[in-house]
1. What is the sum of charges around Asp229, taking Lys and Arg as +1, Asp and Glu as -1, for the other residues whose C-beta is under 10 Å from the C-beta of Asp229?
2. For the chain, find the longest principal axis of its Cα atoms and tell me its angle to the long axis of helix 31-43, 0 to 90°, nearest 10.
3. Can you pick out the pairs among Lys44/Lys165; Lys59/Lys85; Lys44/Lys283; Lys85/Lys165 whose Cα atoms lie more than 29 Å from each other?
4. Please compute the length gained on full extension between Glu102 and Ala87, using 0.36 nm multiplied by the number of residues separating them and subtracting their Cα-Cα distance.
5. Evaluate the charge dipole of the chain about its Cα centre and quote only its size in Debye, nearest 20, assuming +1 on the Cβ of each Lys and Arg and -1 on the Cβ of each Asp and Glu.
6. Report the gain in length on full extension from Leu194 to Cys224: 0.36 nm times residue separation, minus Cα-Cα distance, nm rounded to one decimal.
7. Out of residues 5 or more away from Gly231 or on other chains, whose amide H comes under 5 Å of its own, with H placed 1.01 Å from N in the peptide plane?
8. When only the heavy atoms of the protein chains count and the probe is 1.4 Å, how do Ser273, Ser65 rank by accessible area, highest first?
Amino acid sequence: MTGRVVALALALSAVGLWSGCRTCPARAVALETLAAEYNANAAKVHRLWANARVRLTLKDEQGRSFTWGSTSPLAPYNAQLRLWKEATGPPGFVLVGRELTELFRVGIDAVNGVYYVWYHLGRTGQAWFGRTELAGAPGVRGVPIDPLQLVEVLGLTSLPAEPGKLPAVVMTLRKNPCAYVVRYIRAQPITGRLKIWREVYFRWDDRLPRRPYHIRLFDPSGRCRVLADVGDYQPIEWDGPPEAAPVMPTDYHVRWPAIEGVQPAAELHMRLSGMSTRRRFMKAFLGFRSHLPPGIEPVQVDAGLPAGPKEGRSKP
């Protein structure tokens, strides 16, 4: 009997079924193909309107936890997500959490070249902002949730594809699990040093579309600050034929691991619905100062730093 069990185990291992293991495909596409597919999908989305159900969990250094919201299908929408791409630089973006009134905003005011976070709970509130051109520069103090990181998780911003120029991407192949791993490289503001800012894991599976499913975001020191798992891709309403509609993830699990002296632990679970490029909204909806609650004095996280390079800044 023992010999039969051993023989069966060897047979299962040979066909890649033992413990759920599966060998990677024999062939892989080039980075140029992967980036072209990804960018073709992202290029169809110039603006995005979506409803969201959000559950946000924050922890302090003493381990105390605060949770707000729910992603249950039975729960009402408690957030709005808007995206507006600019000709150059970061897109305009905002995630607004609300109940009877707005409770928080995480956004990029591309017109004025700033990213920001604020919250207002009863009589308590705080706000932070920084210049997009200096994001990642040495000396920038952290914000609780970095909007420039969060917007990349949506999967709708293009990968650089021009050879020999920065920013750039490079790719490696990974096994267990099988994945195309695409790393985004650009120079750090002020210092000009090249840094890896994010890794995007794409499915490497002949049975599945080549789409991102896991993202790692890094700070200038090379430390991983954000981990995100995305899935449940759904079509976005647009003006073209339905069969060619762009797609995006609708299920996001984003984690900020606790790093002593750097950041407290936080977790965001978000589910989107009603995604549309056709529903209109004003660009002013993405603004920072115009929506800041009265009585809150914002903290500039890059105060005292000189102006950075201008090529990434949007025009008013």
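The values are calculated or read from the model by the stated rules, or taken from the named source; none is laboratory data. The model shown is predicted, which means the values in this text are computed figures rather than measured ones. We place every Cβ from the backbone using ideal geometry, glycine too, and count neighbours over all the protein chains shown. To get the accessible areas, we keep the full protein, side chains included, count just its heavy atoms, and leave off ligands, DNA and RNA. Shrake-Rupley method; radii C 1.70, N 1.55, O 1.52, S 1.80 Å.
1. Details: positive: Arg255; negative: Asp251.
It works out to a net charge of 0.
2. 50
3. Lys59/Lys85
4. Stretched fully, the Glu102-Ala87 segment lengthens by 2.5 nm.
5. Roughly 220 debye for the chain.
6. 9.2 nm
7. Here Thr250, Asp251 satisfy the definition.
8. Details: Ser273 30, Ser65 70 Å².
Correct descending sequence by accessible area is Ser65, Ser273.
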